[in-house]
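Comments concern the structure below.
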Amino acid sequence: MKDTDKYSWHGTTILSVRKDNKVVLAGDGQVTLGSTVIKGTARKVRKIGDGSIVAGFAGATADAFTLFERLEGKLEEHPGQLRRACVELAKDWRTDRYLRRLEAMMAVIDKAESLVLTGTGDVLEPDDGIIGIGSGGSYALAAARAIIDVKEFDAEAIARKAMGIAAEICVYTNTNLTIESIDTSV
């Protein structure tokens with residue numbers, strides 16, 4: 001372990017599940033510094049714009065808030081065009097000297113699309129509508145994929161179960177969840 005790693009911020013599992021007429025974005029509440037839990041009830045998922053878009057972040061909090069603000073600005077420039085707004089943000093994120101230093105990832109959903117944004121300029125849309133980012137993202141993603149076909153589980157139930165599994169495996173993830181949903185049938 002590098003000396004600087006022991007003081008780096010960790011924490012966050014963000015998961016999005018799209019099933020039937022619903023898409024949800026869930027985030028845990030844990031923030032840690034090294035091996036110490038600093039906060040267990042952070043809100044890393046929120047509705048943005050007119051409330052028809054939900055975004056979640058993994059990474060440094062101040063960086064994430066900067067990205068939320070920038071994304072809201074891009075949505076104002078390109079109303080009703082989530083993908084275009086995300087692409088424009090990703091371009092800025094990659095090329096702007098200030099934004100390039102931001103350490104975060106974002107998951108962004110609306111009723112039609114589920115997207116992952118990164119600082120390397122990526123805007124990715126998963127084939128199956130399931131996104132997992134952050135420290136426990138791969139665990140939550142795997143768990144959600146394993147139970148997506150369970151008929152009794154809707155999108156929110158899958159997200160809750162998968163996030164619970166991630167929290168059992170990843171020490172940087174807890175079960176204090178923030179969940180926002182969008183009805184896709186409208």
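The values are calculated or read from the model by the stated rules, or taken from the named source; none is laboratory data. Everything numeric here is computed off the predicted structure, so don't read it as measured data. Quick reminder, even Gly has a Cβ in these numbers, built from the backbone with ideal geometry, and neighbours come from all protein chains shown.
What the table below lists for this structure:
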read-out: Some residue of the stretch 141-154 being modelled with pLDDT of 95 or more, among the charged types (D, E, K, R), closer than 18 Å to V54 by Cβ and not in a loop (DSSP other than H, G, I, E, B); value: no
read-out: Residues within the stretch 154-186 that are under 20 Å from K19 (Cα atoms), aliphatic (A, V, I, L, M) and under 16 Å from the mean Cα position of the chain (by Cα), tallied; value: 9
read-out: Qualifying position, being within 17 Å of M163 (Cβ to Cβ), in contact with an Asp or Glu (Cβ under 7 Å, 6 or more places away or on another chain) and not in a loop (DSSP other than H, G, I, E, B), among V54, V23; value: V54
read-out: Restricting the stretch 16-41 to residues that are of a type in the set (A, V, I, L, M, F, W, C) and within 9 Å of A155 (Cβ to Cβ), the residue that is surrounded by the most Cβ atoms within 10 Å (Cβ to Cβ); value: V17
read-out: Check on E72, at negative phi, within 15 Å of the chain's Cα centre (by Cα) and surrounded by fewer than 17 Cβ atoms within 10 Å (Cβ to Cβ); value: no
read-out: Residue selected from the stretch 118-140 under the condition without any contact (Cβ under 8 Å) to a residue 40 or more places away in the chain and part of a strand (DSSP E or B), by the criterion surrounded by the fewest Cβ atoms within 10 Å (Cβ to Cβ); value: L124
